[in-house]
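S.K.: Let me begin by handing over the structure; questions about it come next.
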Amino acid sequence: MNDIKIAKISLIMTAVGICGLLALVYFSQPARMAIENIDQSISGQQVQITGKLTSVSTSKDGTTFITIEDRTGSLKGVLFKSSDINFSQFNRTDNVIVEGKIAVYRGDVEIIVDKMEKH
């Protein structure tokens, strides 16, 4: 009889654990935001933006600077040389989904890009 109780408790705890993990994955996704809603008050937060690349430049040290634009505005972005993003697959005017952390640099709001993919 004890073996049956232990099996039932184990099954219930496993189900609770799986539900907890699913909730964690769901709620840990970056917030999808329109550029007009991004300001200094959310500095440090992870966000996701969908838009069009409107400018791209790379410095001598390999840092890439982008501007992404959606229907509500534009935002500068930074891709550091150490990022795993293969920027050669992207072209100016590509529609992209960008994920990263909002930062303020010299008074300007920007996104430090962690992920970028074509949309």
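S.K.: Place +1 on the Cβ of every Lys and Arg and -1 on the Cβ of every Asp and Glu in the chain, take the dipole about the Cα centre, and give the residue among Ser43, Asn2, Thr72 whose Cα lies farthest towards its positive end.
M.R.: About the Cα centre, the residue reaching furthest to the positive side is Asn2.
S.K.: Continuing with the same structure: Under a crude label model (7 Å from the Cα following the beta-carbon direction), how far is Cys19 from Lys115 in nanometres?
M.R.: If labels sit at Cys19 and Lys115, their model points lie 2.7 nm apart.
S.K.: Give the Rg (one decimal place) followed by the Dmax (whole number) of the range 33-118, computed from C-alpha coordinates and expressed in Å.
M.R.: 11.8, 33
S.K.: Could you tell me the distance between the Cα centroids of the range 1-31 and the range 73-119, to the nearest Å?
M.R.: Rounded to whole Å, the Cα centres lie 36 Å apart.
S.K.: Same structure again: What order do you get for 50-62, 23-35, 70-82 when each peptide is scored by the mean count of other beta carbon atoms within 10 Å, highest first?
M.R.: Details: 50-62: 13.4, 23-35: 11.6, 70-82: 14.9.
Ranked by mean Cβ neighbours within 10 Å, highest first: 70-82, 50-62, 23-35.
S.K.: While we're here: Take a quick pass over the range 1-109 and tell me how many lysine pairs come in under 21 angstrom between Cα atoms, counting only ones 8 or more apart or on separate chains.
M.R.: 6
S.K.: With everything on Cα atoms, drop me the angle between helix 2-27 and the longest principal axis of the chain, reported from 0 to 90° to the nearest 10.
M.R.: Tilt relative to the chain: about 10 degrees.
S.K.: Okay, moving on. Residues of the range 83-119 with backbone nitrogen within less than 12 Å of a virtual label 7 Å along the Cα-to-Cβ line of Glu36, please, listed as ranges.
M.R.: Output list for this probe position: empty.
Throughout, read-outs are computed from the coordinates displayed, never taken from laboratory work. Because the structure is a prediction, the values reported are computed rather than measured. Counting neighbours? That spans all protein chains shown, and the Cβs are built from the backbone with ideal geometry, glycine included.
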